[in-house]
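The structure appears below as structure tokens.
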Amino acid sequence: MTPHVEIARLLESLGWAIGLVLVIEGLLPFVSPAKWRLYMSEILKLGDRQIRAFALLAIALGLVLITALG
């Protein structure tokens, strides 16, 4: 496989991944804007440490999923 083909496949996969994230992220505000607003107001109450812990967990789970599928 040539480097150009590999780069094209990588960009296509990246496009799919970003597109899927946008679809998933948009579902709750589309279906229930009031509930989404409530969740966002609760997130604003969290401290930096809690947000970082949740972000680290999300990153770890994402990496495990990527590794398992790859």
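The values are calculated or read from the model by the stated rules, or taken from the named source; none is laboratory data. Note that this is a predicted model, so its numbers are computed, not measured. Note that each Cβ is placed from the backbone with ideal geometry, even for glycine, and that neighbours are counted across all protein chains shown. Note: areas computed on protein heavy atoms with side chains; ligands, DNA, RNA excluded. Shrake-Rupley method; radii C 1.70, N 1.55, O 1.52, S 1.80 Å.
Remarks
- Label point at Leu57 placed 7 Å out along Cα→Cβ; residues across the range 2-41 whose backbone nitrogen lies under 18 Å: 39-41
- Heavy-atom accessible area with a 1.4 Å probe sorts Phe54, Phe30, largest first, into Phe30, Phe54.
- For the chain, the longest principal axis of the C-alpha atoms and the axis of helix 33-44 are separated by about 90°.
- With the biggest extent put first, the Cα atoms of the chain measure 50, 28, 18 Å across the principal axes.
- Report summary: the helix-based calculation at 222 nm, which adds -39500 (n - 2.57) for every DSSP H run with n ≥ 4 and divides by the residues of the chain, gives -31000 deg cm²/dmol.
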